[in-house]
Amino acid sequence: MNTRVSGAGDVGAATPLSAPGPEGSTYITWFEAASNYRLMMQRLDADGQAMWQEGGIVVSDEPQNTALFRFDMKSDHAGNTIVAFQDQRSGALDVVAYRVAPDGSMLWGDGLALPTPGTTGIAPTIGVLNDDRVVIAWNTNRSPATVAYRILPATGMPAEEAPLEIGGTGIHGRPKVVPNADGGFWLQYVQQPGNFLSPGTMKATRFAADGTALHDDTISTATISGFYFPEPISDGENGLYIAFNSGNIANQNMTDVYVQRLRADGSRWSDRGSPVEDGATTNRYANNTAPALIGNAEGLMIAYSRKNGAQSEGGVHVQRFATAGTALLGATGVEVIPSSTALPEPFGTIAAPDGAVFGCTTGSFSNETAAAFHVGLDGTLAEPQIPLATTPSGIDDASLVPFHNGQAVTVWQDDRYGGSILAQPIMIDISTGIADATNGTWVRLVQGSVHELLFTEGTPAELLITVYAADGKRLHEQRLPAQSPGARVQLDLDRHAASGASIVHVHSADRSTMFKAIVP
């Protein structure tokens, strides 16, 4: 059985988004086709139970366009969630944003209208900075199109202001915001020289904490199609990682997946980026998903589909990269799901303590099932596949909420029940495969007569410390303020955990790690 998030009846629900909430909860938002598309939201607790009214709360039922566009949702450090989308409350299509508290109250009232003077705006994306300021960026309808953005305080709109814009020669669009540990952020976007279907070049502008633009950089000399939406992530060192589809350098008739790092100073691994495989006899696709950064020592991983030239058969492979850009799992990655006519498609990769987890759909249109796969750092399966949706149906817009409270959460749109939003947890055996207690480059677990966290580097924001039993059950959770280099924090594990192995998860805004702690 899957957890049904949207309401009962045959009211169609579509385009779900998800984000982690406080105390192991999960925020989920979606559009519901009533008399007008209305934006709904629900919060599930750590056990998957609805914390608000059945079927969710109405965030907005303002007039909508007859079509739905891309939108975004992110969590802040105070446990709230921010959602930005577009509606026609002003008579034109413009961007609006809401901040929703854990109890469901609307902290920004009826929403913040973010108009773009002289034109309209769609497809907003969100970045939450260390101090809970919010960066919202979106596409404008200028000719040629530009990227508009606003930096908002946590309390909402400070004053009526016009957004800033990035534009120039060609079309500028598809923005993404990547917060940095220094309080600033990257604004990644795509520049196209022709119409909206022409190949584009990925660019990124780095901003200081005060909003000053520091430098603008080209991410890769490889271009992406007009249909591809890259998903950059932070590298934990004021830079970013990004995975994308582009033509195979040896055969432009084949598609390849590249991973690139853009460092804080604007330098990169290489002009094009690192391919997931050598050779030009198969098509590889990243499916608009981001790589998962496991840690500086372990590197990052990505799951991708691998198909024959006719695209009639395919499987799923994984590749791991060192932070310097070297592929670590061989010239063809590691096959996790063998090639078949069922054409399995991965829909996300998230970091696990000992590797990564990815979700995957298998089957033809309207006849799909879904499962999760836990792979170790060597790319091989760490345990049997984890079923997510075993009833064949149409599955769309699937996403993974990274591990919190000992589990990841999968959310997707399903054709069952007349169109609904469903959810399912992913729980793995986190008691195996975790490195020794001295792992981590920024924090160490020192064990002796007492257990202490030793911070070898400072942290830019508060931390969340979670203690799990060996079976993944959450035992204790506490928050700490930002720490200075050399700081020590004592953990009273004896009071919360039975004797034997426990798991200590240390999470900050830009990085996290897990340790195996031995309780006497």
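Multiplying the sequence separation of ALA50 and LEU381 by 0.36 nm and subtracting their Cα-Cα distance, what value in nm do you get?
Gain on extension, ALA50 to LEU381, equals 115.9 nm.
Which option, (i) 1.01; (ii) 1.17; (iii) 0.94, is the value of Rg/Rh (Cα atoms, Kirkwood Rh) that was calculated from these coordinates?
Matching the structure shown: (iii).
Can you tally the lysine pairs in the chain where the Cα-Cα distance is under 29 Å and the two residues are eight or more apart, or on different chains?
Number of lysine pairs found: 7.
Please identify the longest segment of the chain free of exposed GluC sites (Glu not before Pro), where exposed means a DSSP state other than H, G, I, E or B and no more than 11 other Cβ atoms within 10 Å.
Between exposed loop sites, the widest span is 162-520.
Chymotrypsin sites (Phe, Trp or Tyr not before Pro), restricted to the range 365-411: which are DSSP loop and have at most 10 other Cβ atoms within 10 Å?
PHE365
Over 5 Å intervals from 0, what percent of Cα-Cα pairs in the range 38-94 sits in each interval?
4, 15, 22, 23, 17, 11, 6, 1, 0
Between the range 122-169 and the range 38-106, how far is it from one alpha carbon centroid to the other, in angstrom?
Measuring centre to centre over Cα atoms gives 18 Å.
Work out how much length PHE69 to ALA8 would gain on full extension: take 0.36 nm times their residue separation and subtract the Cα-Cα distance, in nm to one decimal. If you can, show how the numbers build up before the last one.
Working: separation 61, 0.36 × 61 = 21.96 nm, distance 2.45 nm.
Extending this stretch completely gives an extra 19.5 nm.
Quick check: pseudo-label points 7 Å beyond the Cα along Cα→Cβ at GLN88 and GLU462, how many nm apart are they?
For GLN88 paired with GLU462, the spin-label model returns 4.2 nm.
Taking square-rooted eigenvalues a ≥ b ≥ c of the alpha carbon gyration tensor, is the range 84-188 rounded, prolate or oblate, where a/c under 1.5 means rounded and, failing that, a/b exceeding b/c means prolate?
oblate
What does the charge count near GLU368 come to, summing +1 for each Lys or Arg and -1 for each Asp or Glu among other residues with Cβ under 13 Å from its Cβ? Before the final figure, lay out each step's value.
Details: positive: ARG416; negative: GLU345, ASP396, ASP397, ASP414, ASP415.
Neighbour charge sum, excluding GLU368 itself: -4.
Rounded to the nearest 0.05, what FRET efficiency is calculated for ALA331 and SER364 with R0 set to 30 Å and r the Cβ-Cβ distance? Intermediate values should be presented prior to the final figure.
Values: r = 31 Å, r/R0 = 1.03.
The formula returns an efficiency of 0.45 here.
Once both labels are modelled 7 Å past Cα along the beta-carbon direction, what's the ASN251-ARG416 spacing in nm?
Modelled inter-label distance: 4.0 nm.
What is the sum of charges around THR125, taking Lys and Arg as +1, Asp and Glu as -1, for the other residues whose C-beta is under 13 Å from the C-beta of THR125?
Charge balance in the 13 Å sphere: +3.
Show me, bin by bin at 5 Å from 0, the whole-percent P(r) of the range 197-334 based on Cα pairs.
With a bin width of 5 Å, the distribution comes to 2, 10, 20, 24, 20, 13, 6, 3, 1, 0, 0.
I want to check the label-to-label distance for ILE57 and THR212. Put each point 7 Å from Cα in the C-beta direction and report it in nm to one decimal.
4.0 nm
Arranged by the count of other C-beta atoms within 10 angstrom, fewest first, what order do THR29, THR155, THR341 take?
Ordered by Cβ neighbours within 10 Å, fewest first: THR341, THR155, THR29.
Can you compute the helix-only [θ] at 222 nm over the chain? Use -39500 (n - 2.57) per DSSP H run of at least 4 residues, normalise by all residues, nearest 500 deg cm²/dmol.
Result for the chain, helices only: 0 deg cm²/dmol.
Just so you know, all these numbers are worked out from the coordinates, no wet-lab data involved. Just so you know, these numbers come straight off a predicted model, no measurement behind them. Because the Cβ atoms are built from the backbone with ideal geometry, glycine has one as well, and the counts that use them run over all protein chains shown.
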